[in-house]
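Chemist: Sharing a structure below in structure tokens format, with a few things to ask.
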């Protein structure tokens, strides 16, 4: 898979954790492929209710690992509510505090929680003086939300649904967001090109092509914007 990505011209990939085991695995992958992969550690809102205090302490220790480039995937998901909303908020706030303590950016999940996520991020003191503060992954908000957050140092990341005309908010955001303030992603294994096909890193080529059309530019310019944004977020 990594060979296919490299052959397609993809040379930087961020692998996030969503719970403690996957966070450990992300760090191990980054160690095995240091020229290509960067890793983040975190607890997704779906799993927030499953984390006990020893697990939180281990996760906070992993955040100090030299292989860790960010905290995430953290956030709020009020669509499925697989963890109670108050538990989700507490988990996000705790991980924002860890990111501030470690001087790391955050990878943020937001589904049907736009106002709450925006409020928490705008109040977050982390990474105010350098680099990118974090990224809203698989962005599903409005152009106004994207403008508000990118003005404050966050990035927005687009997955394949930006190609769907029903995704009015993300499409408007993609057309308007500043150069160097957006990323492309797969959200693998979800949000893939079809029900049968694998969602591999090469899927981002389709996302980049859609962004080029929405931004009235070419794919090479989108690639340059994304590379600059990635370097700002977690380093080259």
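Chemist: Pull out the extension gain between residue 231 and residue 216, defined as 0.36 nm times the separation in residues minus the alpha carbon to alpha carbon distance; nm, one decimal.
Modeler: 3.0 nm
Chemist: With only alpha-carbon atoms in the gyration tensor, what are the semi-axes of the equivalent ellipsoid for segment 28-69, in Å, largest first?
Modeler: Result for segment 28-69: semi-axes of 23, 12, 7 Å.
Chemist: Between segment 27-99 and segment 131-189, what's the alpha-carbon centroid distance in Å?
Modeler: Using only Cα atoms to place each centre, the spacing works out to 21 Å.
Chemist: Let me know the whole percent of all Cα-Cα pairs from segment 128-223 that are separated by more than 23 Å.
Modeler: Percent of Cα pairs beyond 23 Å in segment 128-223: 21.
Chemist: Picking from 221, 145, 92, which is most flexible by a Gaussian network model of the chain using Cα springs under 10 Å?
Modeler: 221
Chemist: What residue among 19, 110, 216 shows peak mean-square fluctuation when the chain is described by a Gaussian network model with Cα springs under 10 Å?
Modeler: So, out of 19, 110, 216, the one fluctuating most is 216.
Chemist: Okay, moving on. With a 10 Å cut-off between alpha carbons and a GNM built on the chain, which of 190, 47, 182 moves the most?
Modeler: In the Gaussian network model the winner is 190.
Chemist: Please find the FRET efficiency linking residue 175 to residue 205, where r is the Cβ-Cβ separation and R0 is fixed at 25 Å, and quote it to the nearest 0.05. Write out the running numbers ahead of the final one.
Modeler: Working: r = 19 Å, r/R0 = 0.77.
The value I calculate is 0.85.
Chemist: How far apart, in nm, are two points set 7 Å out from the Cα along the Cα-to-Cβ line at residue 67 and at residue 198?
Modeler: That separation, rounded to one decimal, is 2.2 nm.
Chemist: Where the convex hull is taken over the Cα atoms of segment 51-154, what is its projected area averaged over directions, in nm²?
Modeler: If you wrap the Cα atoms of segment 51-154 in a convex hull and average its projections, you get 6.5 nm².
Chemist: Normalising by the residue count of the chain, find the relative contact order in percent from Cα pairs under 8 Å and 6+ residues apart.
Modeler: Taking the mean separation of contacting Cα pairs over the length of the chain, I get 15 percent.
Chemist: Run the helix sum for the chain: -39,500 (n - 2.57) per DSSP H stretch of 4+ residues, divided by residue count, reported at 222 nm to the nearest 500 deg cm²/dmol. Can you show the working numbers first?
Modeler: Details: 9 runs with 103 residues, N = 236.
Mean residue ellipticity, 222 nm, calculated: -13500 deg cm²/dmol.
Each reported figure results from applying straightforward, stated rules to the coordinates on display, with no laboratory input. Values in this document were obtained by computation on a predicted structure and should not be read as measured data. Every residue, glycine among them, receives a Cβ derived from its backbone with ideal geometry; neighbour counts consider all protein chains shown.
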